[in-house]
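Shown below is the structure under consideration.
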Amino acid sequence: MNDAKPTLYHERQKLQLCALHSLNNLFQESVFTKPMLDSIVHEFDKSWCWNEYSTLFTGNYDLTIILEALKRRGYTLRAIDVNESFDRFNYKECFGLLLNIPLQRPFFDRLPIVRSLTKPGRHWLTIKSVDKENYFNFDSKYSQPELIGNQDRLIEYLNTLPRLQTYIYLIIEAARSEEFEQK
């Protein structure tokens with residue numbers, strides 16, 4: 001039995017770059033950079049300042065940019081519908097999970113100027129197994145990845161999330177997307 005702990009790559013939060021950190025945490029290395037994601041944004045919207053895909057200078061990338069970045073690496077995502085049971089998936093067949101959760105910013109959200117310049121507060125994070133046994137929460141706001149445990153513990157964890165406010169995506173190889181179609 002091998003008791004060696006897996007080596008975990010974990011990027012910490014900077015600016016509003018949680019999508020960038022989530023992608024790199026998903027791939028367990030620095031695959032993407034801010035200029036790379038900004039160039040994808042520019043492909044969708046040529047405006048240099050305000051657009052629907054990111055926030056000027058700070059990041060805050062939306063799902064379209066994440067999906068395009070994943071596509072360029074041979075992956076896609078599949079949303080878990082709010083009515084689907086988490087038990088129906090074999091998470092070992094997935095590359096990881098990407099979650100988009102509500103962000104609590106009570107002070108800043110009350111300031112009209114801040115509300116007018118930023119998108120609603122949401123945060124991207126990755127959940128991934130690096131050893132095909134245990135799952136880790138690679139939230140970039142954490143100082144280090146947090147062990148969730150095996151697939152049963154992962155399902156328990158997912159069931160604690162507010163389903164109507166949390167968007168949960170399976171990250172899968174694009175070539176295998178049909179295996180994960182909604183039934």
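Name the single residue that is farthest from the chain's Cα centre (by Cα) among those in the range 30-84 being part of a strand (DSSP E or B) and modelled with pLDDT under 85. Reasoning before the result, please.
Residues of the range 30-84 part of a strand (DSSP E or B): 55, 59, 75-79.
Okay, now just the ones that are also modelled with pLDDT under 85, so 55, 59.
Details: THR55: 17, GLY59: 14 Å.
Among those residues, the one meeting the criterion is THR55.
Sticking with this structure for a sec: Filter the range 162-183 for residues that are out of contact with any Leu (no Cβ under 7 Å at 6 or more places or on another chain), in a loop (DSSP other than H, G, I, E, B) and surrounded by 14 or more Cβ atoms within 10 Å (Cβ to Cβ) and give the result.
ARG163
Please state which one of LEU164, LEU170 is at negative phi and modelled with pLDDT of 95 or more. Give the derivation first.
Numbers: LEU164 fails: modelled with pLDDT of 95 or more.
One residue alone meets the criteria, LEU170.
Which residues, counting only those in the range 121-143, are closer than 25 Å to GLN16 by Cβ and either part of a strand (DSSP E or B) or modelled with pLDDT of 95 or more (or both)?
Step one: filter the range 121-143 for residues closer than 25 Å to GLN16 by Cβ, giving 121-128, 136-143.
Hits for the range 121-143 are ARG122, HIS123, TRP124, LEU125, THR126, ILE127, LYS128, PHE136, ASN137, PHE138.
OK, next. Return only the number of the condition from (1) of a type in the set (A, V, I, L, M); (2) assigned to a helix (DSSP H, G or I); (3) exposed (fewer than 13 other Cβ atoms within 10 Å of the Cβ) that LEU154 does not satisfy.
(3)
The values are calculated or read from the model by the stated rules, or taken from the named source; none is laboratory data. Values in this document were obtained by computation on a predicted structure and should not be read as measured data. Cβ sites come from the backbone with ideal geometry, for glycine too, and all protein chains shown count toward neighbours.
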